[in-house]
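Structure record follows, encoded as structure tokens.
The values are calculated or read from the model by the stated rules, or taken from the named source; none is laboratory data. Since this is a predicted model, take the numbers as computed values, not measurements. When we count neighbours, we look across all protein chains shown, and the Cβ atoms used for this are built from the backbone with ideal geometry, even at glycine. These area figures cover heavy atoms from the full protein model, side chains too; ligands, DNA and RNA do not enter into them. Shrake-Rupley method; radii C 1.70, N 1.55, O 1.52, S 1.80 Å.
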Amino acid sequence: MDDQYLDAFIRESEEAITELNNSLLDLESDPQDREAMDEIFRRAHTLKGNFGAMGFEDASDLAHAIEDLLDAMRQGEMEVTADRMDLVFAGVDQIEVIVREIEQEGESTVETDEMVAQLRAVMDENESASDDGDDGGAKADGTVESDTEFDVDVSVDPDAFEAGAVGARLGLGDSDMPGVDAMLALDAVEDTYDLLATDPDRDAIEDGEYDGTFVVVVDAADVEAVTETFEDAPEVESVATRDLTGSPDAGSAPDGPASDELASDDTGADSGADDEASTSDGEPAAPADTDTGSASASAGSGDGSVDEIKSVRVDVDQLDDLHGLVEQLVTSRIKLRRAVETDDLDGAAENLNELDKITANLQNTVMDMRLIPLKKVVGKFPRMVRDLSRDLDKEVEFEIEGEDIELDRTILTEISDPLMHIIRNALDHGIESPGEREAAGKPRTGQIDLRASRERDHVIIEVEDDGAGLDVDGIRRKAIEQGVRSPEELEAMDRSSVYDLVFHPGFSTADEVTDTSGRGVGMDVVHDTVTQLDGSVNVESEPGEGTTVSLRLPVTMAIVKVLFVEVGEEEYGIPLKNVDEITRTTDVKQINGREVIKHNDDIYPVVHLGERFEVPGAHNGHREEIAGNGHKDDGMLVRIRESERQVALHCDEVNSQEEVVVKPLEGILSGTPGLSGTAVLGDGNIVHILDVVTL
């Protein structure tokens, strides 16, 4: 099997599974949600068709059984109950296990017969319970009929069929979703017969663009058998059939839709609904055990790490921009080479300036192409919250805001696990049981909100719960028991510093180890990962009201424009996006023994980089005689943007601006206050990049 097609199949299947899970959650909360039901059928149909097209028949049968059960619920033939939804979720989890195994092994060994039998048994039991003695093949209104006298306005190539050509005019009655109903009917027929032609064409039928009835022609010889098949098809209320094998239409050249196009497999029907499938980027899926029995626990709960995002959707306009920039790059290279060969230094300098503009535009375009909406990661969280809250016997509403906020692919992949740990922590430690909440005068159902917002070059992600809040005394007690801090240190710490102890490796406030928490891992992963991404994490809590964990992350990584400053014998880089103004130190004043400057009636404290980093040879604010010129020198002040931090940085000299590749600090240096990473310059020297927020 072609790896390219297999990879596209995996990514589209992962996306369909995530959307299917979320639509099922909507249906579970509101059984009358027609929009959710429509989306469920669309996704289930996509999965079934794709599995069938790729040759994974067992998985296709499973998706078909799920689709049929949901159809019975949609038609009001059975109620949407918790047990039935659990069974559907279990089936979807098994599909996710199959997709994961196909990605890893190229094939699946998961047995689906038992799950299919369970799904079919639920439908059979419901049908038996509601059977009032009517003929099983007849519709309730008794309008099924066989008629040999209707007109068929389609043409079929005689080479297109083997057994014969049988036409049927189908009526679906009054339907709220004629396109979906027609799709289900055609699907059921194609399980038995090859479809030769339709009138109108299939895309129009599945879009609901037909007037009450439509005509299909199938490859078959037995008219009665075809009639019975259509009678049993979902949604069909009237059937009229006719043998077309010997008719003039069957022998004429096709003047309508091509028969071989109409006889394609289910993926042809899906291509219209999912026209972005070829470039779809998959949702990260939790690693799942291939054991059928553990499908629900492994695939649905979200316990495991989220896989790396392996593909992204790219807008065609961005590809065109990229192609245009590459053309400019090639042209500029040729011009620069000629200028160098002819010793035309002026021409070479001009070409270098042009090359600088092209590469800057190229960089911006590529960085934009790497941006992915947050929903690619958080889309799986609603299902995780649903399963975990039921395991914990808690009632929880989970809301997501700002899921269209975009982040770099690498950052988005890295924060998947931290966000999952934060939400699990809120569920286990934050939200109380229904009884406890009622006793405290709260609603039985707890609330967890995940919000994302953009602030200049950073994204703020907040996870807020309305639970019990953090127990400061309990954290202090556990910190002493586990040897994290001494009683004297804890006594001197304010509330915010005590909250930060939850990020200490191995620290846990749980009294016992469970499947959800208590091992002391999770929140330390949050802190370490966010710090390595040049971000920060903050915790705010009010006892009895809830807790908010905030992540502050850069939108993109890698290339940053920095301002190089000299401090004694060292050189540092300040991200240019943080810089507001560069001035001399003539306006420095003393207030309460501290050096400050005034700007627009605001006071900016002065931070001496030489003192902060103990740099040898730094001026550190002391006036020194500059040899040879007789002037006094206090160095320079770099005033930071108020939105980042209201402060002015003192240095000896300001050198230049340059774009560099920033590498986050790792190991024991990770999380060093005031430093976000390092950059290697063109001459091989390493420069520290400052983090003005934590300095």
Theoretical gain in end-to-end length, E327 to D222 [0.36 nm per residue, Cα-Cα removed]: 31.6 nm
Taking a 31 Å limit on the Cα-Cα distance, which of the listed pairs K335/K561; K375/K577; K48/K394; K376/K478; K380/K442 fall beyond it? K48/K394; K376/K478
Using a basic spin-label model with each label point 7 Å from the Cα along Cα→Cβ, how many nm lie between D211 and E111? 5.4 nm
Would you kindly state how much longer the chain becomes between E642 and H504 on full extension, computed as 0.36 nm times their sequence separation minus their alpha carbon distance, in nm to one decimal? 46.6 nm
If r is the Cβ-Cβ distance from E77 to D7 and R0 is 51 Å, what FRET efficiency results, to the nearest 0.05? 0.85
Peptides 379-387, 221-229, 183-191 ordered by average Cβ neighbours within 10 Å, highest first: 379-387, 183-191, 221-229
On a full-extension model of 0.36 nm per residue, what is the gain between T583 and E436, subtracting their alpha-carbon distance, rounded to one decimal in nm? 47.1 nm
Accessible area (Å², 1.4 Å probe, nearest 10) - T586: 120 Å²
Separation between the E488 and D634 pseudo-spin-labels, each 7 Å from Cα along Cα→Cβ, expressed in nm? 4.0 nm
Using a 1.4 Å probe on the protein chains only, how many percent of the accessible area of segment 51-123 belongs to carbon and sulfur? 41 percent
Which of the lysines could a cross-linker bridge to K589, judged by Cα under 25 Å and excluding same-chain residues fewer than eight apart? K598, K632
Grab the beta carbon distance between E395 and L371, set R0 = 41 Å, and tell me the FRET efficiency rounded to 0.05. 0.70
Say R0 is 56 Å: what FRET efficiency, to the nearest 0.05, do R594 and N361 get from their beta-carbon distance? 0.80
Distance (nanometres) between label positions extended 7 Å along Cα→Cβ at E653 and I480: 5.6 nm
When the expected Rg is taken as 2.2 N^0.38 Å, what fraction or multiple of it is the alpha-carbon Rg of segment 53-101? 1.24
If the label point is 7 Å along Cα→Cβ of I686, which residues in segment 557-585 have backbone nitrogen under 15 Å from it? 571-573
Leaving ligands, DNA and RNA out of it, work out the accessible area of D58 with a 1.4 Å probe and give it in Å² to the nearest 10. 80 Å²
